[in-house]
Amino acid sequence: MTETEELAYLKARIASVFAQREALKADLSSGKLRPRQGFAALETVDAELSALDSRFKALWDKQNAHSSK
């Protein structure tokens with residue numbers, strides 16, 4: 001996978017995980033999900049989102065370092 005392809009994949013994955021995060025928050029707010037279960041799931045999703053974001057930023061910075069010089 002090229003860096004450009006990986007950036008596209010990461011962007012799509014970030015959008016998907018973010019949507020999952022928002023759904024969890026909505027389920028917690030509405031009472032569909034018990035707090036203990038919901039917050040544990042939210043913590044897992046937040047960790048995944050953070051890792052994806054860090055990888056995306058590293059690749060983005062690497063690709064754009066060439067254009068800023």
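The values are calculated or read from the model by the stated rules, or taken from the named source; none is laboratory data. Quick caveat, the model's predicted, so the values are computed rather than measured. For neighbour counting, all protein chains shown are included, and Cβ atoms are generated from backbone atoms with ideal geometry for every residue, glycine included. Ligands, DNA and RNA are excluded from the accessible area calculation, which covers all protein heavy atoms including side chains. Shrake-Rupley method; radii C 1.70, N 1.55, O 1.52, S 1.80 Å.
Figures for the structure shown
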quantity	calculated
Search result, residues across region 16-54 that are open to solvent by 80 Å² or more (accessible area, probe 1.4 Å) and outside any helix (DSSP H, G or I)	Lys32, Arg34
Selected residue [on the phi < 0 side of the Ramachandran plot, modelled with pLDDT under 95, open to solvent by 90 Å² or more (accessible area, probe 1.4 Å) and part of a helix (DSSP H, G or I)] from Lys69, Lys57, Lys11, Lys62	Lys62
Inter-residue pairs, beta-carbon under 8 Å, first of a type in the set (Val, Ile, Thr) and in region 16-44, second surrounded by 14 or more Cβ atoms within 10 Å (Cβ to Cβ), 6+ apart	Val17/Val45; Val17/Glu48; Val17/Leu49; Val17/Leu52
